[in-house]
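Here the structure comes first, spelled out in structure tokens, and everything after it is commentary.
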Amino acid sequence: MSQKSELLFKLTPESGLTDAEIEKKLSEFGPNELLEKQAVPLYKKIWHHLKDISSLVLLLAIVLATYMAIFQNGGWTKTIVISLILIINVVIGLYQESSAEKSLAALKAMSLPTANGRRNNHDITVAASELVPGDLIYLNTGDQVPADAVVLKETNLTVDEAILTGESLPVSKTCYRLKGHLSDDERVYSGTAVVGGRALVQVSAIGMATELGKIANLLNKTQKRATPLQGKLDHLSKWMTAFAGLGGLIIFVLSMGMQNKTLAESLMIGLSLAVAAVPETLPIIVTISLSRGVKKMADRNAIIRHIGAVETIGNVDVVATDKTGTLTQNKMTITEYWTPETGIKKAADLPKAGQNLLKLLGLANNAKIMEIDGSREVVGDATEVAIVNWLHQQGSSRQELEKETPRIAEDPFDSNKKMMTTVHRLSDGRQLVIVKGAWDRLQLDKKEPIKTGQKAHDDFAKNALRVLAVGYKVIAANADPTNWIENNSNLKLAGMVGLIDPPRPEVSRAVTKAKQAGIKTVMITGDHLVTAKAIAREIGILDSNQKAITGSELQKMTDSELKDCIKDIRVFARVSPSDKIRIVQAWQDIGKTVAMTGDGVNDAPALKAADVGIAMGKTGTEVAKEAADMILTDDNFATIIKAVAEGRTVYQNIIKAVEFLIGVNFAQIFLMVISTIIGWGAPLLAEQLLIINVLADGIPGFFISKEPGEPNIMDQNPIGNDESILGRGLMQRMIIRAVTFTILTLSVYAYGRFILSTNNSQVGMTLVFLVLALGSMIDIYAIKDSQPITVQTFKTNKMLNWGLLLSMMLVLSLTLLPRLRQFLHFALLPVQGWLVVLIGSLIPVFVLEVNKRLTNNIQMEPEKNSC
Ligand code: ATP
């Protein structure tokens with residue numbers, strides 16, 4: 001603890017801080033936040049963009065153009081145009097970078113943690129950033145400690161401090177001894193995870209004064225990893241850059257050798273071709289598409305924590321999901337109960353013989369009544385909330401019961417044990433042990449009516465009810481209340497309750513949609529096999545060809561046995577969180593991409609191991625959220641499937657941008673090289689090439705990232721990790737486009753120069769410029785829609801229409817306005833020339849559409865996985 005925070009530590013009264021104290025401390029200490037990485041100054045950002053390979057080449061071109069203007073009387077056109085292009089490139093880069101940063105920062109703010117605490121004599125929930133020194137907060141298993149704090153009360157509190165110490169074994173904590181120097185075991189530290197028990201702690205240091213704050217600068221230095229798609233695109237860009245460099249070199253050599261141009265002139269055209277052919281806007285389009293995907297997913301209740309998850313979620317093959325709360329509503333209601341005395345009865349019908357079961361359930365319970373936004377609400381585990389509601393209906397309450405029979409010890413519920421135990425003091429001094437949990441985990445005395453109990457349990461489970469059984473015993477006044485081994489055995493059977501937790505209404509449709517998209521849905525649940533199977537059938541996860549197994553069957557299998565049969569298993573029941581990691585790995589071993597949901601502390605390793613770890617926003621622990629790549633703010637399975645569609649849209653848009661940018665870039669290289677080889681010289685001047693690069697490539701390419709998903713996006717199988725980026729016909733389409741543009745531009749150049757004029761290269765250049773620029777802008781409509789163009793094609797993404805219109809007007813004005821035309825060395829075209837421009841610009845879209853119809857006709861139905 002820092003010196004400063006130690007001095008601050010003074011015990012806060014049990015009622016917590018008052019509003020006045022909080023306000024004073026907030027203004028004194030500021031918010032409980034770690035300072036973000038220092039903002040990068042503008043000049044550094046500009047420098048970063050100038051260091052980029054295309055900018056460096058452009059800078060070199062400016063130097064050359066200036067040299068030519070001064071020493072070779074070449075005029076200042078090139079210098080001015082290339083400088084403008086460099087400035088535009090840097091400004092666009094800066095703008096796009098900052099908008100991507102802004103949307104990510106906004107998202108970060110959305111996933112900020114909260115803390116439960118006590119202020120003004122009330123239990124409250126506040127944003128962790130609003131905590132001040134002196135605040136009293138409750139910590140529970142699964143919480144992330146929101147500030148450095150001193151432990152005031154605790155029950156079996158254990159904390160994982162790996163983030164600070166690197167040691168992953170949990171450390172036990174004890175209460176502040178109220179004397180001497182505070183020792184480590186009396187304190188908890190910000191950023192560490194509560195892995196067991198609960199506690200009341202008092203905040204001692206916040207923000208940068210915490211131990212985590214001191215190492216925050218180190219944490220800021222961690223590099224972000226590139227996503228698989230970014231990796232594939234980097235690879236493609238490198239090849240393209242090498243190809244562009246080679247094209248530039250060939251042009252340079254040819255214009256020196258065959259056309260007797262000066263060194264400076266040859267270098268200039270070579271460099272310009274290289275710049276024009278490098279798809280430098282591609283990385284920016286990828287970042288924008290991903291961050292746009294992040295935003296759209298957030299609008300649909302899926303908060304992305306790592307940007308790469310946007311892409312991965314679009315390609316998942318398997319979604320392994322918890323049942324309770326994700327597939328079901330997590331709104332549990334006790335519908336029936338059973339006791340040896342009463343047999344099975346409806347919950348509303350509770351004779352005296354059933355009262356004992358109700359009382360025991362009420363005592364072994366941690367659900368609390370809290371005031372939230374002025375209204376009374378029962379909060380806690382949904383199973384326990386159902387019990388408190390039942391108590392309420394029967395005119396009783398936890399408080400009343402605990403007053404009569406106070407709790408003296410607790411062994412909390414844990415998903416591995418699937419039960420919890422509490423010990424209470426009876427009025428005669430003896431102790432009452434209550435064990436509540438899964439029927440098959442209760443260790444009942446042999447004399448108890450186990451057979452009839454089993455039958456009642458199976459009846460409940462077959463009707464998709466969750467079953468909670470209760471055992472109890474009375475022990476001597478002086479027995480050790482924490483001897484759990486002894487306490488949990490030889491129990492008397494009080495009875496059991498059946499709880500209904502209806503499936504979420506939208507889940508069946510989402511499961512069907514996932515199936516159509518080639519995605520398998522796998523249910524993982526702590527519930528009983530019979531209950532789990534009944535629900536899985538109801539929502540369409542399980543059919544007659546598929547298997548459902550239990551955690552103990554899973555544990556008996558070796559990794560290779562599991563790998564062999566994992567494809568057929570759709571339900572894992574009575575599993576522990578530790579089994580989840582094996583399920584993830586088995587799927588990954590057969591090459592599948594897996595999304596896995598989780599909410600508890602023990603789920604964190606599986607969430608990390610999954611390709612997309614998904615934590616529940618409402619019921620999830622902070623630890624699970626911290627380990628996840630995505631957080632569902634509505635805890636809903638259907639949201640995962642919506643996120644898949646969004647992820648696929650992002651991927652598809654990036655692929656469309658690749659198709660749009662790279663096909664024409666190849667055509668530019670071929671055009672320049674072939675034309676020079678056949679002795680026509682360069683069919684475009686350096687500045688004309690560069691203008692096409694900005695107006696016809698950059699602007700429309702940018703708007704592709706705004707395309708909505710195509711209607712058939714969920715009718716295709718997921719894209720495999722090892723599937724080439726050029727697969728699914730992309731390579732073929734790019735070749736067709738490059739060949740079309742090469743032949744087309746060479747033809748219009750020849751027509752302009754030799755037929756429309758008498759060897760006037762300016763007429764040829766003007767035609768090439770217009771057909772290349774307008775043609776590639778128009779055929780974006782054939783690229784953006786994988787189905788044949790219809791009126792609808794022009795209705796989606798209106799921004800693209802406006803962007804294209806603007807670009808087209810700029811392109812036309814460059815050749816029509818006399819000053820600009822002369823400045824850029826264009827010719828004024830006669831009417832036949834404009835006719836050629838019109839027809840020529842429509843040819844590429846026509847060719848692509850014909851190809852689309854031909855390939856769509858012969859393409860077989862996409863192969864579907866059997867699921
Ligand atoms: P899912 O994995 O589908 O989300 P879950 O995580 O709620 O389900 P667990 O919490 O592991 O599953 O619950 C498994 C079993 O433990 C339940 O069937 C029930 O019998 C028992 N159980 C659940 N909650 C409690 C509780 N609060 N106290 C005692 N026993 C419980």
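Each value in this text was obtained by applying a stated rule to the coordinates, not by laboratory testing. Keep in mind that what you see is a predicted model, and the values were worked out from it rather than measured. Note that each Cβ is placed from the backbone with ideal geometry, even for glycine, and that neighbours are counted across all protein chains shown.
Order of 408-415, 619-626 by packing, highest average Cβ count within 10 Å first?
Top of the packing list down: 619-626, 408-415.
Run the paramagnetic zone check for ALA476: 7 angstrom along Cα to Cβ, then residues of segment 394-433 with backbone nitrogen under 18 Å.
Residues 424-426, 428-433 qualify, since their backbone N sits under 18 Å from the label point.
What's the exposure ranking of MET596, MET616, going from fewest to most Cβ atoms within 10 Å?
Fewest to most other Cβ atoms nearby, the residues stand as MET616, MET596.
What FRET efficiency do you get for ASN260 and LYS102 if R0 is 60 Å and r is their Cβ-Cβ distance, rounded to the nearest 0.05?
0.70
Once the Cα atoms of helix 53-71 and of the chain are each reduced to a long axis, what angle between those two axes, in degrees from 0 to 90 to the nearest 10, is obtained?
Long axis of 53-71 versus the principal axis of the chain: about 30 degrees.
Which entries in LYS515/LYS642; LYS238/LYS608; LYS436/LYS547; LYS455/LYS567; LYS515/LYS592 show an alpha-carbon gap greater than 22 Å?
LYS238/LYS608; LYS436/LYS547; LYS455/LYS567
Cα axis of helix 263-277 to longest principal axis of the chain: angle in degrees, 0 to 90, nearest 10?
Roughly 40 degrees between the two axes.
Going by C-beta contacts inside 10 Å, put VAL194, VAL847 in order with the fewest on the left.
Lowest to highest Cβ neighbour count: VAL847, VAL194.
Order the peptides 821-827, 131-137 from the highest to the lowest mean number of other Cβ atoms within 10 Å of their residues.
131-137, 821-827
Which order do the peptides 314-324, 804-814 come out in when sorted by mean C-beta neighbours inside 10 angstrom, highest first?
Per-residue mean Cβ counts within 10 Å order the peptides as 314-324, 804-814.
Which links in LYS368/LYS473; LYS323/LYS580; LYS580/LYS625; LYS10/LYS153 stretch past 20 Å when you go from one Cα to the other?
Exceeds cut-off: LYS368/LYS473.
Given the DSSP H assignment, sum -39500 (n - 2.57) over each helix run of at least 4 residues in the chain and divide by its residue total; what's the result at 222 nm in deg cm²/dmol, nearest 500?
-15500 deg cm²/dmol
Could you give the angle, 0 to 90 degrees to the nearest 10, between helix 228-257's Cα long axis and the longest principal axis of the Cα atoms of the chain?
Between helix and principal axis, roughly 10 degrees.
Using θ = phi - 60° and the Karplus form 6.51 cos²θ - 1.76 cosθ + 1.60, what ³J(HN,Hα) does each residue of segment 84-94 get, whole Hz, x for Gly and Pro?
Values, residue by residue: 4, 5, 4, 4, 4, 4, 5, 5, 4, x, 5 Hz.
Once fully extended, how much extra length lies between SER544 and ARG376, figured as 0.36 nm per residue of separation less the alpha-carbon to alpha-carbon distance?
Roughly 55.9 nm would be gained on extension.
Return the FRET efficiency for the residue pair ARG300, LYS492: r is the Cβ-Cβ distance, R0 is 60 Å, and the value is rounded to the nearest 0.05.
0.75
Please work out the FRET efficiency for the pair ILE46 and ILE755, using the Cβ-Cβ distance as r and a Förster radius of 35 Å; give the result to the nearest 0.05.
The formula returns an efficiency of 0.15 here.
If the cut-off is a Cα-Cα distance under 12 Å, which aspartates and glutamates reach LYS556, setting aside same-chain residues fewer than 8 apart in sequence?
Cross-link targets: ASP579.
At 0.36 nm per residue, minus the direct Cα-Cα distance, what do LEU178 and LYS214 gain on full extension? Give it in nm, one decimal, please.
Extra length from LEU178 to LYS214 when fully extended: 10.3 nm.
For segment 551-602 and segment 157-197, compute the distance between their C-alpha centroids and round to whole Å.
Rounded to whole Å, the Cα centres lie 32 Å apart.
Could you let me know the centre-to-centre spacing of segment 36-91 and segment 431-468, using Cα atoms, in angstrom?
Answer, in whole Å: 77.
What nm value, rounded to one decimal, do you get for the distance between LEU94 and ASP445 when each label is placed 7 Å out toward the C-beta?
Output for this residue pair reads 8.2 nm.
Rounded to the nearest Å, what's the spacing between the alpha carbon centres of segment 628-703 and segment 310-367? Just the number, please.
52 Å
Check which residues have an amide H placed less than 5 Å from GLY196's amide H, if you skip close sequence neighbours.
Those qualifying (amide H under 5 Å, at least 5 residues apart or on another chain) are GLY142, THR158.
With a cut-off of 8 Å between alpha carbons and a minimum separation of six or more residues, what is the relative contact order of the chain in percent?
12 percent
Among ILE839, ILE692, ILE250, ILE783, rank each residue by its count of other Cβ atoms within 10 Å, from fewest to most, as a rough exposure measure.
Arranged by neighbour count, lowest to highest, ILE839, ILE692, ILE250, ILE783 become ILE839, ILE250, ILE692, ILE783.
Taking all pairs of distinct Cα atoms, average 1/r, flip it, and tell me the Kirkwood hydrodynamic radius of the chain in Å to one decimal place.
31.4 Å
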